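Below: one structure, written as structure tokens.
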Amino acid sequence: MKLTKVSAVVAAIAIGFGLTACGGDPTKDDSAPSASDTLTIGAVGSGEAQIVAEIYKQALEAQGVKIKTKYGIETREAAVPALQDGSIDLLPDYSGNLLTFVDKAATATSPADVEAALPAALPKGLEVFKASPAEDKDSLNVTKAFSDKNGVTSIADLAKVKGFALGANPEFKERAYGIPGLEKVYGITGIKFVPISDFGGPKTLKALLDDDIQVADIYTTTPSITENNLVTLADPQNLIAAQNLIPLIRTAKATTAIEDTLNKISAALTTADLVDMNGKNNGADKVAPDVLAKEWLTAKNLL
Amino acid sequence: MSVASETVDWLTDSANWSGDEGIPHRLLEHVYYTGLAVGIAALVAVPLGLWIGHTGRFRNVAILVTGSMRALPTLGVLSLVAIYSGIGLTAPLVALIVLAIPPLLAGAYSGIESVDPRTVDAARAMGMTEWQVLLRVEVPLALPLLVGGVRSAVLQVVATATVAAYISLGGLGRYLIDGLAIRDYPQMLGGSVLVIGLALVLDGVFASIQHLALGERSRVEAARRT
């Protein structure tokens, strides 16, 4: 019994390491650069990134571009090398995370600064087109009741609220945009931090609605924000780095026609559109990304 | 520096041994969750197991139900309960109790079943009531297996109580989950070492208790022989 238990614990640790170490490249197997007339679009994970990738795909196909897709790439750590070796050509990415990935020392946080810093920071052979106003980033949210009672609509207002609890993923406690930033940038002290490991999902929401926490870190495109009438706090100091959707492309494949098409998409796409499409994708109907992409493109007259 | 030596540094850093986030406090929390979960599970499972063992009723149902309970993924139960109960002690407790009940129940009824039926018959023939048969004959003789059930439950729960940290609670799981969140492997590994150490110590304690219980059984059996 003793041995089984010990080996079980050791195995659990090994699995833990395995999970975090699997930045391996799932696209490596067939990494032959795609034929010159075909554009391969990748997407990290599923859901939102895949919906946007589908929008790119259908709009470009309407322009006569031949498209292949490689969705479900696990991490940016795998996707960027895949772009460099040509196993994918185009990737919808998020500006702030992309910038800190290619430049660990980057300090830009406002949407314009991040976008301006990207071209110089990107590795040779990669470039970005115009960023979209649509953004999916961490945001601090409170209930309408809390907001009304304490007159809180911005992170800065939290400084006058004493002894509130903030729920977020555990890393929020250490990251620059998290507790350290709230203290340094906004001078908010005495926050009771409640780590909830579900990325602003149902358990975080439940804790907020139960008043176990008063402030919750939830991604801006999560439908639960609008569904529960939450108040997303403004971030006047740009503590939380911008995460605008931005097309990342291999320079070798970046033609003016593709750039024009993607720029039109980026200009038309809004955070509210993402919330709406994520809601339909995750909700009871589980509407597929390609269907959502087609609906959106049709509604915006981009097909 | 290697992860191993950084882990040693983490474990020996005095800053990690004080305060609410220090190792002693986290250890206490971990033991508290384990004790609470096994305690509540025992209140339910031991009397039920004794009754099943004594009467022989619903044995197959018990095997079936506990078998299914063993198959439930703890993290899944935790998440499911947490969506309804919110953050706090309820969800991890339910998940850990579900984990602790099968070995406790099995220990109790198989302990009673292991008692020689002739001994039980003899006790009845001497005019003992059913309660006396259970408490004076069956339970003392069943003790080694009963304690074995507790030992097994404690081990499973102590190793799994790390999930409490998944939704806002403390315990040694904090080091695993916080370490993973910021890719701090020395902290994760240090937390794992502590969980393993705690599991080994508790297992040693229960092995000793089980040994004592075996002594009790031979005393009762000796009394029967004379």
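Rule-based calculations on the coordinates, nothing more; no lab input. The model shown is predicted, which means the values in this text are computed figures rather than measured ones. Positions of Cβ are generated from backbone atoms using ideal geometry, with glycine treated the same way; all protein chains shown enter the neighbour counts.
Among B:G39, B:G88, B:G111, the largest mean-square fluctuation in a Gaussian network model of chain B (Cα springs under 10 Å) belongs to B:G88. Taking the centroid of alpha carbons for each part, segment B:99-140 and segment A:177-196 are 58 Å apart. Spatial offset of segment B:74-89 relative to segment A:63-118 amounts to 36 Å, using the alpha carbon center of each.
If I take every Cα pair under 8 Å that is 6 or more residues apart in segment B:105-226, average their sequence separation and divide by the length, what percent do I get for the relative contact order? Each step should come with its number before you reach the end.
Numbers: 114 pairs, mean separation 33.9, N = 122.
Relative CO of segment B:105-226 lands at 28 percent.
When chain A is treated as a GNM with alpha-carbon contacts under 10 Å, the residue of A:A284, A:A79, A:A121 showing the greatest mean-square fluctuation is A:A284.
DSSP finds beta bridges in chain A, and of those with both partners inside it, around 50 percent are antiparallel.
Scanning residues 5 or more positions from A:A234 or on other chains, those with amide H under 5 Å from its amide H are A:S154, A:I155, with H placed 1.01 Å from N in the peptide plane.
Highest mean packing first, where packing is the average number of other Cβ atoms within 10 Å per residue, the peptides A:190-198, A:57-65, B:20-28 line up as A:190-198, A:57-65, B:20-28. Look at the dipole of segment B:1-96 built from charges on Cβ: of B:V46, B:G86, B:L72, the Cα furthest out on the positive end belongs to B:V46. Amide H contacts of A:Y219: A:S139, each under 5 Å away and 5 or more positions distant or on a separate chain (H built 1.01 Å from N in the peptide plane; Pro and chain starts excluded).
Computed over chain B with a Gaussian network model linking Cα atoms closer than 10 Å, the most mobile of B:L141, B:L80, B:L198 is B:L80.
Relative to the Cα centre, what is the charge dipole magnitude of segment A:138-232, using +1 at the beta carbon of each Lys and Arg, -1 at the beta carbon of each Asp and Glu, and rounding to the nearest 20 debye?
240
Against chain B, whose longest principal axis is taken from its Cα atoms, helix B:74-85 shows a tilt of about 80°. Other residues lying with their Cβ under 14 Å from the Cβ of A:A62 contribute a combined charge of +1, Lys and Arg counting +1, Asp and Glu -1. Listed values for segment A:208-224 are Karplus-derived 3J(HN,Hα) couplings in whole Hz (6.51 cos²θ - 1.76 cosθ + 1.60, θ = phi - 60°), namely 5, 5, 7, 6, 6, 10, 9, 10, 10, 8, 9, 4, 4, 9, 7, x, 4, and x replaces Gly and Pro.
Relative contact order for chain A: what is it in percent, counting Cα pairs under 8 Å that are at least 6 residues apart?
Working: 518 pairs, mean separation 75.9, N = 303.
Here the relative contact order equals 25 percent.
Using the rule -39500 (n - 2.57) for each DSSP H run of four or more residues, divided by the residues of chain A, the 222 nm mean residue ellipticity is -12500 deg cm²/dmol.
Computed on chain B, with alpha-carbon pairs under 8 angstrom and 6+ residues apart, the relative contact order is 25 percent. Taking a straight Cα-Cα cut-off under 23 Å and skipping sequence neighbours fewer than 8 places away in the same chain, the lysines within cross-link reach of A:K57 are A:K28, A:K66, A:K68, A:K70, A:K130, A:K253, A:K264, A:K280, A:K286, A:K294, A:K300.
Compute the signed sum of charges (Lys and Arg +1, Asp and Glu -1) over the other residues within less than 13 Å, Cβ to Cβ, of B:L172. List each step's numbers first, then the result.
Details: positive: B:R26, B:R174; negative: B:E21, B:E29, B:D178.
So the surrounding residues net to -1.
Between helix A:2-21 and chain A there is an angle of about 60 degrees, using the helix long axis and the longest principal axis of the Cα atoms.
Within segment A:138-232, DSSP assigns beta bridges of which about 50% are antiparallel (rounded to the nearest 5). Between the amide H of A:L39 and those of A:K66, A:I67, A:K68, distances stay under 5 Å, these residues lying 5 or more places away or on another chain, with hydrogens modeled in the peptide plane.
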